[in-house]
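The values are calculated or read from the model by the stated rules, or taken from the named source; none is laboratory data. Predicted model, so just to flag it, every value in this text is computed and none were measured. Cβ: placed from backbone, ideal geometry, glycine included. Neighbour counts: every protein chain shown. The area values use the complete protein model at the heavy-atom level, side chains included, leaving out ligands, DNA and RNA. Shrake-Rupley method; radii C 1.70, N 1.55, O 1.52, S 1.80 Å.
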Amino acid sequence: MKICIDCDDAAVNLKKILFEHLKSKGIDIADLDYSASKEGALYPEIGFNLAKQIQVGKFDRGISICGTGLGMAMIANKVEGIYAGVCHDVFSAERLCKSNDAQIITMGERVIGPELAKTIIDAWLLSEFQGGGSTAKVEQMRALEKQSFNKE
Ligand code: RB5
């Protein structure tokens, strides 16, 4: 599984910690580091870039971090076919994949400590969509999404 990670100026420390944590576990992870190519970049463009990389198939999943995780989730969900949720607990992070089939987890460095963040990411990486009763719900979300993107 190929993972990407990025953050805005409010989450530089947590991004570094999570990147190094996953690297040390042998995970195939890339730091997109959007801000390196654009000084003063804001969370919408950073999160949009990460979501687009997943949309085009360069990565399977992404970790997008800002001060709260809220802005990164909002912008990722504006990319067609991409689903993201803020997770600051293990149960939500597992359900994000198992029930919602989302590709992006978001977090806020101003909300969560690094040790809990690492535990959450580890649980998230082990989780896969389980289908079953969730399939119809996710399919309905995809169908409704098409209306928002003016395709139907
Ligand atoms: C800081 O720019 C803050 O607004 C941002 O990191 C994020 O928390 C937005 O949701």
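Within the stretch 103-132, the set of residues being outside any strand (DSSP E or B), among the hydroxyl-bearing types (S, T, Y) and open to solvent by less than 10 Å² (accessible area, probe 1.4 Å) comprises just one member, S127.
Residues checked against (1) in contact (Cβ under 8 Å) with a residue 40 or more places away in the chain; (2) buried (at least 17 other Cβ atoms within 10 Å of the Cβ); (3) within 16 Å of the ligand (Cβ to nearest atom):
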| residue | (1), (2), (3) |
| --- | --- |
| G47 | yes, yes, yes |
| L50 | yes, yes, yes |
| F59 | yes, yes, no |
| L70 | no, no, yes |
| N77 | no, yes, yes |
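Considering the conditions (1) of a type in the set (D, E, K, R); (2) in a helix (DSSP H, G or I); (3) within 16 Å of the ligand (Cβ to nearest atom); (4) free of Cβ contacts under 8 Å to residues at least 12 places away in the same chain, E20 is excluded by exactly one of them, (3). Output the residues belonging to the stretch 23-36 that are surrounded by 15 or more Cβ atoms within 10 Å (Cβ to Cβ) and part of a helix (DSSP H, G or I). Once the filter is applied, which keeps residues that are surrounded by 15 or more Cβ atoms within 10 Å (Cβ to Cβ) and part of a helix (DSSP H, G or I), the stretch 23-36 yields Y34, S35.
Spot the failing condition for C66; the list is (1) open to solvent by less than 10 Å² (accessible area, probe 1.4 Å); (2) more than 9 Å from the ligand (Cβ to nearest atom); (3) not basic (K, R), and only one is missed. With (1) open to solvent by less than 10 Å² (accessible area, probe 1.4 Å); (2) more than 9 Å from the ligand (Cβ to nearest atom); (3) not basic (K, R) applied to C66, the lone miss is (2). Scoring D6 on the criteria (1) within 15 Å of the ligand (Cβ to nearest atom); (2) in contact (Cβ under 8 Å) with a residue 60 or more places away in the chain; (3) open to solvent by less than 50 Å² (accessible area, probe 1.4 Å); (4) of a type outside the set (F, W, Y) leaves a single failure, condition (2). The residues of the stretch 82-98 that are open to solvent by less than 30 Å² (accessible area, probe 1.4 Å) and either assigned to a loop (DSSP other than H, G, I, E, B) or without any contact (Cβ under 8 Å) to a residue 12 or more places away in the chain (or both), listed by number, are I82, Y83, C87. All of (1) closer than 14 Å to I5 by Cα; (2) over 10 Å from the mean Cα position of the chain (by Cα); (3) in a helix (DSSP H, G or I) hold for K58 with one exception: (3). Test R142 against the stated conditions and say whether it is part of a helix (DSSP H, G or I) and of a type outside the set (S, T, Y). Judged against the criteria, R142 is a match. With respect to being assigned to a helix (DSSP H, G or I) and modelled with pLDDT of 95 or more, A41 falls outside the description.
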